[in-house]
Amino acid sequence: MHRLKETHDIAHVLTGFGIDGVSELGLQGFNLAQNRSPLAVMLIFGGMLKALQKDEPLAPMLRALAKGFQMGLDAELVIARKLEEGWDRPLNEWRNELRLPEAITG
């Protein structure tokens, strides 16, 4: 759990998911696929519940969640890498090594 917290912001950059609510659900989908994180399940549930309460559209959230989950299944295990020791490496080099797409949209 500690390593997930340490690498959360790095995972945003590597995956290309932003910091808005929909993107955060995408990142949590990624975390769920990568680590089977109970915290990811709770955050996904909370985000979806909040959207239902506010009558927000669910489709963008579900698309981001599915995209993140598939990305997590396809990628190498991110938390196992010493990312903080490679600040000098280009971002696309890390993405290629981890089998992450160069960039995502939405």
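Derivation of every value follows stated rules applied to the coordinates shown; laboratory data play no part. Fair warning: this is a prediction, and the values are worked out from it, not measured in the lab. Here the Cβ is made from the backbone with ideal geometry for all residues, glycine too, and neighbour counts use every protein chain on show.
List the helices (runs of 4 or more DSSP H) that sit entirely inside the chain and contain at least 2 residues that are loosely packed, with under 11 Cβ neighbours inside 10 Å and at negative phi.
Numbers: elements: 2-15, 21-35, 38-53, 59-74, 91-97.
Answer list for the chain: 2-15, 38-53.
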Determine the pairs where a residue that is within 12 Å of Leu73 (Cα to Cα), located within the stretch 21-33, has a partner that is outside any helix (DSSP H, G or I) with Cβ atoms under 6 Å apart, the partner being 6 or more residues away or on another chain.
-> Asn31/Ser37
Count, please, the residues in the stretch 1-27 that happen to be more than 19 Å from Glu102 (Cα to Cα) and within 10 Å of the chain's Cα centre (by Cα).
-> 1
